[in-house]
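Peer 1: I am attaching a structure below and will ask some questions about it afterwards.
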Amino acid sequence: MYIKVNVIPKSKREEIIKEKEGYYKISVREPAERNFANKRVRELLAKELGFPLAKVRLISGHHTPQKMFSIINDE
């Protein structure tokens with residue numbers, strides 16, 4: 001399963017908004033440097049979807065606000 005995410009780094013509060021099926025808008029407190037924001041978005045996405053962190057992978061958008069995550073579902 002693929003999830004598209006628009007990330008807003010350095011926000012005052014963390015927030016997850018489901019725009020539509022497979023598309024999220026996520027605000028995080030961490031800055032967009034040294035992979036801090038990407039790691040936090042991955043953690044929040046795993047928690048929101050109910051998957052272990054190891055099943056959530058960032059596959060594109062490492063340096064842009066628009067990211068694509070892959071969720072490995074073994075079921």
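Peer 1: Whats the longest run of the chain with zero trypsin sites (Lys or Arg not before Pro) that are DSSP loop and have at most 11 other Cβ atoms within 10 Å?
Peer 2: 35-75
Peer 1: Can you tell me the orientation of helix 36-49 relative to the chain, as the angle in degrees between its alpha-carbon axis and the longest Cα principal axis, to the nearest 10?
Peer 2: 40 degrees
Peer 1: What's the long-distance tail for the chain, i.e. % of Cα pairs beyond 21 Å?
Peer 2: Looking at the chain, the distances longer than 21 Å represent 16 percent of pairs.
Peer 1: What length, rounded to one decimal in nm, is gained on full extension from A54 through to Y2, with 0.36 nm per residue of separation minus their alpha-carbon distance?
Peer 2: Full extension from A54 to Y2 adds 17.2 nm.
Peer 1: Per residue of the chain, what 222 nm ellipticity follows from adding -39500 (n - 2.57) for every DSSP H run with n ≥ 4, rounded to the nearest 500?
Peer 2: Result for the chain, helices only: -6000 deg cm²/dmol.
Peer 1: Distance from a point 7 Å along Cα→Cβ of M68 to each backbone N in region 29-48: keep the residues under 18 Å and list them by number.
Peer 2: 42
We did not get these values from a lab; they are worked out from the coordinates using the rules stated. None of the values given here were measured: they were computed from a predicted structure. With ideal geometry, Cβ positions are generated from the backbone for all residues, glycine too; neighbour counts draw on all protein chains shown.
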